[in-house]
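Notes follow the structure.
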């Protein structure tokens, strides 16, 4: 049914059409049909993003719903990271306290175990999200949604999501857009959007930002698909 997102934007957003003069014919879908189809999209993050991106007037009235949906998305993953880090800290603490327990000499096995636990803790810290993630979540969400709203088609694959395989025949996922079909912002622009410098973005915030972007795009795509199905039934 074409681009259902643009249909939502063009028909539900502000318009200068004078309805008392008519449109020169009866449209296949009325505004009521579109609103009813949107109502058939399951409540949640995808629907809130669909409205935020394509019907911002409605989304402005539902900002609390979007906020709660983003928090519900991120909190379990953040907690998972913190649990993994907590376990690594516990292993490190146990290994450290066992070194020379009760005044005994430190053994080679204890040294190896301590070195292993220390290396694991450092590696886990590098992979885990920053402890302040939930405090910064509002700014991260605004930046991610802004990128989603402004993104055009990937210039390399022209929105097809694939590119010719470098060797042999066939196609592979487009490297420039990671198979999204959409233009990706640079790390510098993302850093500016969240109010961080490039080094802080690369070191701390890039994994959080990219995870949120992938999850939120997937949720919005699914909502758009369900919206399109509902529109097809109404047409």
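Remarks
- Helix 108-127 and the long axis of the chain differ in direction by around 20°, with both axes built from C-alpha atoms.
- With contacts taken as Cα pairs under 8 Å and at least 6 residues apart, the stretch 137-219 reaches a relative contact order of 28 percent.
- The chain, helix-only ellipticity at 222 nm - DSSP H runs n ≥ 4, -39,500 (n - 2.57), divided by all residues, nearest 500: -20000 deg cm²/dmol
- Nearest 10 degrees, 0 to 90: helix 45-54 Cα axis against the chain principal axis: 50 degrees
- With contacts taken as Cα pairs under 8 Å at a separation of at least 6 residues, the chain carries a relative contact order of 28 percent.
- Evaluated at q = 0.19, 0.22, 0.24, 0.31 Å⁻¹, a Debye calculation over the C-alpha positions of the stretch 149-204 (equal weights, vacuum) places log10 I(q)/I(0) at -0.71, -0.80, -0.85, -1.06.
- Ordering of 88-95, 169-176 by packing is 88-95, 169-176, highest average first (other Cβ atoms within 10 Å, averaged per residue).
- Residue among 140, 29, 85 with the largest mean-square fluctuation in a Gaussian network model of the chain, springs linking Cα atoms under 10 Å: 29
- Choice from 211, 54, 101 showing the highest fluctuation, given a GNM over the chain with Cα pairs closer than 10 Å: 101
- The stretch 70-183: C-alpha gyration tensor shape, a/c 1.5 cut-off, then a/b vs b/c: oblate
- Springs between Cα atoms under 10 Å define the GNM used for the chain, and in it the highest mean-square fluctuation of 134, 109, 212 occurs at 109.
We did not get these values from a lab; they are worked out from the coordinates using the rules stated. For clarity, every value in this text was computed on a predicted model and none was experimentally measured. With ideal geometry, Cβ positions are generated from the backbone for all residues, glycine too; neighbour counts draw on all protein chains shown.
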